[in-house]
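The values are calculated or read from the model by the stated rules, or taken from the named source; none is laboratory data. These figures come from a predicted structure and were not determined experimentally. A quick note on method: Cβ atoms are made from the backbone with ideal geometry, for glycine too, and the neighbour counts reach across all protein chains shown. Remember, those area values only see protein heavy atoms, side chains included, never the ligands or the DNA or RNA. Shrake-Rupley method; radii C 1.70, N 1.55, O 1.52, S 1.80 Å.
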Amino acid sequence: MLDHCSISHKGGVVLWSRSFTPEASHLASSPSSPVNSLIREALIEGRAAGEKYEKDGYAVKWTFFNDLELIFVVAYQRILQLTYVDDLLAALKALFIKLFEPFLTTFVASLHAIKNGRITARDAPKPWNFAKAFDGWDGIFDKILKGFEDKAAQERKSRFRTVSAAPLDYSPPSDDLSTIPSESSIAVQDEQEISRNFQALKNKLRGRGGRRGGRGMMRVESGSGRDSMPASDSESVSKKAKGKAQRKWGETAPSETEMASLDFSIDKLDSSKNDHLSHDLQSLVDKTSLGTRTRDGLYEVKDWDFDTKQDAITRALQNDGAKQPSGSLGALSSMFARLTGSKALTEQDLKPVLEGMKQHLMKKNVAMEIADKVCEGVGESLVGKKVGGFQTTSNAVRTALSSSLTRILTPKTSTDLLLSIRTKLSSPLPSAQQRIPYSITFVGVNGVGKSTNLSKVCFWLIQNGLRVLIAACDTFRSGAVEQLRVHVRNLSMLGVNGATNSKGRVELYEKGYGKDAAGIAKEAITYAKDNDFDVVLIDTAGRMQDNEPLMRALAKLVAINNPDKIIFVGEALVGNEAVDQLTKFDRALRDFSSASGAGKGRGIDGMLVTKWDTVDDKVGAALSMTYVTGQPIIFVGCGQTYTDLRQLRVANVVQAILSD
């Protein structure tokens, strides 16, 4: 039985509706009703896939008629298995359009005219009388629905008859109590049934042995008699019975030698494998991408350089004294060709140019919202400015865009992470107080490469002579702890400056899975303080920005441990999603960490962008992330080895964004 049915326009006008029970009257009136939730989540936000939506015990199905922008909706209790709903929707749509198409066409046309401003609301027709327009539809609907319900009832009855027609050994119950069997008789019958079944099985096995023509037989004891079983069957039984032998422990505890033989979590290497291991470890370090040493002996990662083939051609032409071809100005410069002549630029003049600039930025992977705001700022800086010839106009617009990008990308705080670490470690403390290590928490969504790039940062810190403790606070993802354990093993053997063996410079602090991440991080910082570690790198589980329980758990970790840096790890391929991820991560951390009573809320302090080597010159994610948070990009990851970590220079990013 249906609970609700309605026909609406996509603009929100309900043309016709029917509720079949008093309890179902709220399905169309309440803002939180399943029908309104369907319209909000499935039709407006596009978050519900398929053609069935379930909420609050109701199932909602719908279909569209796109030519007239109509929505046909049916709601019923989810526990009911109504097989005719899809056919009912199709029939309603076809008949409703056929009967009332002239009226619907006029109605939809008037809505579009009002929306586009061709007529005002005052000049619009008087309120539509849907009851009069759809007069007689209620009776037609009742007939259609009754036809489908009767057909479904007949199908159920036919299925029941089919099942009932099967022969059953059944007799009606008798009123005579003497016919009820006693418990003892039931037990006797059970024993007799078991005996008959066992005898039938013996006969079957004996017959199979006769057909096999004298194959080997095996004697099997059964009660007081003996029976035969084929040898092949006995072999299969023995094979099935054979399994892993149980380890039998003596009364005394196992010795250290026995325990060591059972520890499979540590690789047991002999001397013959050392050379092979060393070769494998060296493959994790790209000598060509190793950083440089400063005069102070500090290890610095390389800068990311942008260099295109077009730039190389341009430089070659300039070196040869040849004239640069006009086409080399590229697509971006061609936008400015229409802005010529000695006059002050107006908003109307700049509108098509700024639109082209917006498209160019979006092609560079800049989020659309950010591209809009950047172009708006560039337009404001150019309105009223007088320009001369083409070259002057081109230079003016390029200069304005370059200045805007530079202003956005220029860090508001220091990006020298090593300076921050050394400043804290060298700060004087009271004699009774222990030195607190510098802690960095890595956060982000799932699958962006937090653990991998944490290990790259760890390698960079080791090269600068710091002792690092990695806290495995991803207690949810399978293999997360093991992944960090492998990284720690490799980094321990790589050593400083690519040399082998830096054992003791990096360790892993882990407590397994299913534990409280905030508690593990706190214990790790305490352990690092007691064992004289310089830096604690806290790895966290990936989580989506809309998952409130997981964001609260992350905010709890931040509030309890108060890390020195919170680094958001995002990927360069993210595009428009960068704005949503960073905005919600930053807001959730600030709101939830302040709500925990630990003081002022903490937000994101910097970003690490991964998969940078996959985007070529489409580096707009850097602009989007910096614009949203106002925080700097500390590193970018650009490969699979521990040395594939780069620093960004603002000029290089601006050059890549402006390149054609």
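Worth a mention:
- Qualifying residue in the stretch 587-602 (condition: touching a Phe, Trp or Tyr at 6+ places or on another chain (Cβ under 6 Å) and open to solvent by less than 50 Å² (accessible area, probe 1.4 Å)): no
- Enumeration of residues in the stretch 143-163 that are hydrophobic (A, V, I, L, M, F, W, C) and exposed (fewer than 11 other Cβ atoms within 10 Å of the Cβ): A153, F160, V163
- The set of residues from the stretch 627-660 being of a type outside the set (A, V, I, L, M), open to solvent by 10 Å² or more (accessible area, probe 1.4 Å) and closer than 16 Å to L582 by Cβ comprises Y627, T629, G630, Q631.
So that you can scan it fast, the table gives a plain yes or no per residue for (1) part of a helix (DSSP H, G or I); (2) at pLDDT below 80; (3) farther than 16 Å from I408 by Cβ:
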{"position": "G341", "(1), (2), (3)": "no, yes, yes"}
{"position": "Q348", "(1), (2), (3)": "yes, no, yes"}
{"position": "E355", "(1), (2), (3)": "yes, no, yes"}
{"position": "Q359", "(1), (2), (3)": "yes, no, yes"}
{"position": "E369", "(1), (2), (3)": "yes, no, no"}
{"position": "D372", "(1), (2), (3)": "yes, no, no"}
{"position": "C375", "(1), (2), (3)": "yes, no, no"}
{"position": "S381", "(1), (2), (3)": "yes, yes, no"}
{"position": "G384", "(1), (2), (3)": "no, yes, yes"}
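- Selection within the stretch 454-487: residues that are open to solvent by less than 10 Å² (accessible area, probe 1.4 Å) and of a type in the set (S, T, N, Q). The member of this set that is farthest from A541 (Cα to Cα) is Q463.
- Failed item in (1) at pLDDT below 90; (2) open to solvent by 30 Å² or more (accessible area, probe 1.4 Å), with N562 passing the rest: (1)
- Scan of the stretch 427-464 for residues that are assigned to a loop (DSSP other than H, G, I, E, B) and among the polar types (S, T, N, Q), ordered by number: S427, S431, Q433, Q434, N446, N464
- Test: residue in the stretch 97-115 that is in a loop (DSSP other than H, G, I, E, B), in contact (Cβ under 8 Å) with a residue 60 or more places away in the chain and either out of contact with any Ser or Thr (no Cβ under 8 Å at 6 or more places or on another chain) or over 16 Å from W16 (Cβ atoms) (or both): no
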